[in-house]
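I have placed the structure first, in the form of structure tokens, so that the comments after it can refer back to it.
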Amino acid sequence: MNPAIRRKALSEWRGYREPAPAKTARPVGDSLQEAMRALGLRDLVDEAKVAAAWREIAGDFVALHSMPASLKAGTLVIRVTQPSLRFELERQFRAVLMAKLQAHFGARVVRKLEFRVG
């Protein structure tokens, strides 16, 4: 049944006019993002997304020997297995990784990269 016709029939039967229902429905994802932001958990969501896409962004070899450890206030900490890999990532591939991360997640999510052995 058409909601407008139903509302009209009910208002005639009850003897008074009811206001139309407010359109407050919205996607659950929007509400969850607002709640996560209010609780200060937005970085955790972004961190999980970065971890899930790390192999695609870094490539198979680098992903095999490294992993995102944390993402706080735009600083992504990457744990690497060897000091030599850390050196190569810092000197040679930092700009490439940063460009790929920002292209994939946006410039506001990852603003700085840190590499740590461990």
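Some observations on this one:
For (1) open to solvent by less than 100 Å² (accessible area, probe 1.4 Å); (2) closer than 24 Å to LEU101 by Cβ, each residue gets a yes or a no:
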site: SER11; (1), (2): yes, no
site: TYR16; (1), (2): no, no
site: ALA22; (1), (2): yes, no
site: SER31; (1), (2): yes, no
site: ALA35; (1), (2): yes, no
site: VAL50; (1), (2): yes, yes
site: ALA73; (1), (2): yes, yes
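- So GLN102, is it more than 22 Å from the chain's Cα centre (by Cα) and not in a strand (DSSP E or B): no
- Of the residues making up the stretch 42-74, those that are over 17 Å from PHE105 (Cα atoms) and part of a helix (DSSP H, G or I) are ASP60, PHE61, VAL62, ALA63, LEU64.
The values are calculated or read from the model by the stated rules, or taken from the named source; none is laboratory data. Please read all numbers here as calculations on a predicted model, not as lab measurements. Because the Cβ atoms are built from the backbone with ideal geometry, glycine has one as well, and the counts that use them run over all protein chains shown. Remember, those area values only see protein heavy atoms, side chains included, never the ligands or the DNA or RNA. Shrake-Rupley method; radii C 1.70, N 1.55, O 1.52, S 1.80 Å.
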